[in-house]
Amino acid sequence: MESRFTFSQKLAGAFALLVLFALAVAAVAVVALRDVVASKDEVINVDARRMALAERLNTLSFRKANDARAFLMTKDGGYRDALRATRREMREVIETLRSEAQTDQERALLKAVDEAEEAHNRSVEAVIAKSGGASVEASGLQIEKEVRPLRDQLNRSIDQFLAAEQRHLDEGRQAATDAASRAARLVIALAALMILLAVSLAYFLARALSRQISNAVRHVQSSSAELQAAAGQQATGAKQQATAMSEITTTISELLATSRQIAESARAVAGIAAETAGAARAGDETVQRSQDSVGSIRRQVELIVNHMLDLGRKSQQIGGILEIINELAEQTNILAINATIEAAGAGEAGRRFAVVAEEIRKLADRVGGSTKDIRTLIDEVRSAVNTTVMATESGSKSVEVGARHFSEVAAAFGQIARLVATTTDAAREIELSTKQQTTAVEQVNLAISNVAQATREAEASSGQSLQTASQLASMSRDLARLVQSQKAA
Amino acid sequence: MSASTLDELRRAFDAVFAVAPSGARRLEVPLLALRAGGEPLAVRALETAGLQRLPRVVALPSRRPEVLGVTGWRGAVLPVYALSRLLGLPDGAEPPRWMLLCGEERLALAFTAFEAHVRVAPEALEPAVSGAARPALRELVHLDGRVRPVVSIPDLLMAIHRP
């Protein structure tokens with residue numbers, strides 16, 4: 001129910017139901033009232049009129065009798081005319097009553113009244129007719145004798161008719177009263193039913209609405225609490241934001257000053273970069289010349305290395321030759337030793353030969369010693385050559401490395417020149433950009449000032465929001481208390 | 001070899017023949033300084049028949065461990081003895097590369113290295129104290145500040161031919 005119908009739908013439905021029921025009650029009341037009114041109209045229009053006519057009839061009867069007595073006593077023709085007018089009127093009343101008779105009893109009673117009146121009238125007319133010559137007393141006696149019974153008969157008939165009409169009137173009144181009572185009871189019952197329905201609807205509506213309102217109030221309570229917390233946070237955040245905005249404004253001002261300083265520095269850098277580009281181009285030319293010199297040195301060093309290697313190879317060949325000389329000296333030495341031995345075996349004849357052999361041996365020894373010295377020297381020379389070759393190769397490599405470094409330096413100078421040109425352009429761009437940045441920072445400063453103002457306003461509005469949220473929370477608590485008290489009640 | 005060294009050699013060589021031979025020189029003993037089995041030794045040069053590099057030695061089975069084999073020399077086949085083994089010395093690390101030719105017996109004594117040919121005065125030779133233990137080493141000689149046993153080739157040949 002809660003999910004299908006809204007609060008207003010429920011109220012509208014309940015009121016519509018009550019209105020429908022009220023319309024039904026009203027319709028029933030109207031019908032009952034019309035019935036009662038019809039019944040009363042019947043009583044008033046028909047029965048009371050007939051009763052009145054009956055009373056009229058009674059009155060006319062008495063008037064006719066009086067008129068008759070007055071004529072008889074006075075012999076005044078007016079009374080006779082009045083008598084006859086009264087009789088006509090009485091006939092008319094009887095005819096009217098007859099034409100409106102509803103029951104056989106009424107018709108029978110009217111017939112009796114009619115006959116009694118006819119009889120009475122004949123009797124009266126007869127007395128009147130005879131009264132011209134008779135005295136008052138005789139007329140009186142004749143009336144008492146002849147007319148009086150008829151008149152009594154007429155009066156009894158009229159009385160019976162009156163009693164019947166009275167009963168009929170009473171019955172009609174009673175029927176109307178009964179109808180009114182039934183209508184009243186029906187209306188009372190419907191009203192009671194309507195009250196019961198209204199009470200039930202009020203109870204169910206109150207219950208449903210109170211539950212719905214309670215839920216809504218709980219939601220409102222939690223939402224207002226959250227809103228309060230959020231508003232508090234927002235207020236705190238707005239304060240912090242205002243503080244931050246103030247700091248940002250200060251920082252932006254500093255940034256503005258720094259941007260102007262950067263623009264000035266960029267202009268100075270552009271000038272220095274242009275000077276550096278000129279110096280780099282001069283250095284590049286110097287490095288190119290140095291590179292040519294290094295190439296020449298490298299070629300010379302390669303020539304030296306080749307010569308030293310050739311020297312090493314030749315000293316190696318000298319070593320080989322020296323090896324042969326050494327072996328020859330050794331062989332000579334051995335030959336000299338053997339010659340000495342052989343000379344000793346030859347005795348005295350070989351003594352001089354022994355001397356020669358000894359000298360040859362000594363010579364061979366000295367040659368062997370000299371070859372050792374030469375070998376030492378050659379080894380030293382080869383070692384020196386090797387060291388020189390290695391040093392030269394190392395130098396050559398160093399020269400190559402130097403040449404490569406020169407190439408790299410030349411390339412670096414070229415790159416420096418290009419980079420300096422780029423730096424010059426970049427410095428000019430930086431100068432331009434910094435000017436633009438300065439303008440932008442000024443605009444940002446202005447915007448930040450506006451934002452700071454907006455932040456202060458936001459801080460004020462967040463405080464207002466917090467106050468509103470607090471009021472809403474208080475209202476939701478009051479509403480919750482109200483709903484709970486209603487539920488408790 | 002520089003020109004001055006060559007001139008010096010030539011002058012020394014010529015000077016020997018320019019002066020009269022001295023008597024004292026005749027008495028000097030020619031010695032061959034060598035090494036056998038790692039031991040420095042000396043041999044009287046005139047006790048040998050010659051000094052040569054050791055040619056290829058063909059090993060032969062023998063009752064005597066001193067015999068290394070035979071080798072050819074000037075059309076003759078010579079038995080080769082290890083000098084170190086004949087003297088009761090260890091063989092040493094290096095193989096023998098030289099040989100001494102010995103007298104009429106026509107045999108060769110192999111040794112490791114030939115070091116020098118020297119001439120010493122007779123008084124430089126002195127008898128060895130341990131001569132009884134090694135009969136072939138009866139003398140000692142001082143060469144270059146070192147004492148060398150002097151091998152007696154005749155005693156060694158007697159020991160070889162002793163049954």
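Condition first: in a strand (DSSP E or B) and either away from chain A (no Cβ under 11 Å) or surrounded by fewer than 14 Cβ atoms within 10 Å (Cβ to Cβ) (or both). Can you find one or more residues in region B:6-27 that meet it?
no
This table checks each residue for (1) buried (at least 16 other Cβ atoms within 10 Å of the Cβ); (2) in contact with a His (Cβ under 7 Å, 6 or more places away or on another chain); (3) not β-branched (Val, Ile, Thr).
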position	(1), (2), (3)
A:Gln234	yes, no, yes
A:Met245	yes, no, yes
A:Ala266	yes, no, yes
A:Ile272	no, no, no
A:Thr286	no, no, no
A:Lys314	no, no, yes
A:Ile325	yes, no, no
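If B:Ser84 satisfies every condition in (1) closer than 15 Å to B:Pro149 by Cβ; (2) among the polar types (S, T, N, Q); (3) at pLDDT 90 or above; (4) more than 17 Å from the chain's Cα centre (by Cα) but one, which is the exception?
(4)
Does region A:9-18 contain any residue that is buried (at least 17 other Cβ atoms within 10 Å of the Cβ), in a helix (DSSP H, G or I) and not aliphatic (A, V, I, L, M)?
yes
Mind listing whichever residues of region A:122-170 are farther than 29 Å from A:Leu97 by Cβ and among the polar types (S, T, N, Q)?
A:Ser131, A:Ser135, A:Ser139, A:Gln142
Which condition does A:Thr250 not pass, out of (1) within 30 Å of A:Gln443 (Cβ to Cβ); (2) touching a residue at least 40 places away in the same chain (Cβ under 8 Å); (3) of a type in the set (S, T, N, Q), if it passes all the others?
(2)
Could you check region B:64-91 and list, in sequence order, the residues that are among the hydrophobic types (A, V, I, L, M, F, W, C), in contact with a Leu (Cβ under 9 Å, 6 or more places away or on another chain) and not in a helix (DSSP H, G or I)?
B:Val67, B:Leu68, B:Val70, B:Trp73, B:Leu78, B:Val80, B:Ala82, B:Leu87, B:Leu89
Only one of A:Arg151, A:Arg63, A:Arg87, A:Arg80 is touching a His at 6+ places or on another chain (Cβ under 8 Å) and buried (at least 18 other Cβ atoms within 10 Å of the Cβ). Can you tell me which?
Selected residue: A:Arg151, the only one of A:Arg151, A:Arg63, A:Arg87, A:Arg80 that is touching a His at 6+ places or on another chain (Cβ under 8 Å) and buried (at least 18 other Cβ atoms within 10 Å of the Cβ).
For region B:29-52, indicate whether the set of residues that are among the charged types (D, E, K, R) and surrounded by fewer than 17 Cβ atoms within 10 Å (Cβ to Cβ) is non-empty.
Checking region B:29-52: not a single residue is among the charged types (D, E, K, R) and surrounded by fewer than 17 Cβ atoms within 10 Å (Cβ to Cβ).
Taking the residues in region A:334-359 that are facing chain B (nearest Cβ under 9 Å) and at pLDDT 85 or above as candidates, determine which candidate is nearest to B:Phe114 (Cα to Cα).
Out of the qualifying residues, it is A:Ile334.
How many residues are hydroxyl-bearing (Ser, Thr, Tyr), facing another protein chain (nearest Cβ under 8 Å) and within 18 Å of A:Gln317 (Cβ to Cβ) when one looks only at region A:362-381?
Matching residues across region A:362-381 total 1.
Check A:Ala176 against each of (1) within 30 Å of A:Thr439 (Cβ to Cβ); (2) in contact (Cβ under 8 Å) with a residue 60 or more places away in the chain; (3) among the aliphatic types (A, V, I, L, M) and name the one condition it does not meet.
Every condition holds for A:Ala176 apart from (1).
Output the residue which, of all residues in region A:90-122 that are buried (at least 17 other Cβ atoms within 10 Å of the Cβ), of a type in the set (Val, Ile, Thr) and in contact (Cβ under 8 Å) with a residue 40 or more places away in the chain, is farthest from A:Gln153 (Cα to Cα).
My answer is A:Val93.
With the requirement that a residue be touching a helix residue (DSSP H, G or I) at 6+ places or on another chain (Cβ under 7 Å) and of a type in the set (S, T, N, Q), what does region A:20-48 give you?
Within region A:20-48, just A:Ser39 meets the criteria.
Would you please name the residue that is nearest to the other protein chains (Cβ to nearest Cβ), looking only at residues in region B:111-148 that are in contact with a Ser or Thr (Cβ under 9 Å, 6 or more places away or on another chain) and either crowded, with 17+ Cβ neighbours inside 10 Å or of a type in the set (A, V, I, L, M, F, W, C) (or both)?
Within region B:111-148, the first condition is being in contact with a Ser or Thr (Cβ under 9 Å, 6 or more places away or on another chain), and the residues that meet it are B:111-112, B:117, B:135-139.
Those still in the list that are either crowded, with 17+ Cβ neighbours inside 10 Å or of a type in the set (A, V, I, L, M, F, W, C) (or both) too: B:111-112, B:117, B:136-139.
Numbers: B:Phe111: 14, B:Thr112: 16, B:His117: 5, B:Ala136: 19, B:Leu137: 21, B:Arg138: 21, B:Glu139: 19 Å.
Top of the filtered list is B:His117.
Any idea which residue in region B:30-51 is nearest to B:Leu83 (Cα to Cα), counting only those that are among the small types (Gly, Ala, Ser) and within 14 Å of chain A (Cβ to nearest Cβ)?
Going through the qualifying residues, I end up with B:Ala42.
Hey, any hits in region A:322-333 for a residue that's within 8 Å of another protein chain (Cβ to nearest Cβ), closer than 30 Å to A:Asn386 by Cβ and over 60 Å from the mean Cα position of the chain (by Cα)?
no
Test of understanding: among A:Ser99, A:Ser39, which residue is hydroxyl-bearing (Ser, Thr, Tyr) and modelled with pLDDT under 85? Break it down into steps so the answer makes sense when it comes.
Numbers: A:Ser99 fails: modelled with pLDDT under 85.
Answer to the selection: A:Ser39.
If you go through region B:52-61 one residue at a time, do you hit one that is within 11 Å of another protein chain (Cβ to nearest Cβ) and either under 18 Å from the mean Cα position of the chain (by Cα) or farther than 14 Å from B:Leu109 by Cα (or both)?
Yes, there is a match, as at least one residue in region B:52-61 is within 11 Å of another protein chain (Cβ to nearest Cβ) and either under 18 Å from the mean Cα position of the chain (by Cα) or farther than 14 Å from B:Leu109 by Cα (or both).
Do we have A:Ala339 as among the hydrophobic types (A, V, I, L, M, F, W, C) and either farther than 27 Å from B:Trp98 by Cβ or not in a helix (DSSP H, G or I) (or both) here?
On the way: among the hydrophobic types (A, V, I, L, M, F, W, C): yes; either farther than 27 Å from B:Trp98 by Cβ or not in a helix (DSSP H, G or I) (or both): no.
For A:Ala339, the condition - among the hydrophobic types (A, V, I, L, M, F, W, C) and either farther than 27 Å from B:Trp98 by Cβ or not in a helix (DSSP H, G or I) (or both) - is not met.
The values are calculated or read from the model by the stated rules, or taken from the named source; none is laboratory data. The structure presented is a predicted model; accordingly, all values stated were derived computationally and were not measured. Cβ: placed from backbone, ideal geometry, glycine included. Neighbour counts: every protein chain shown.
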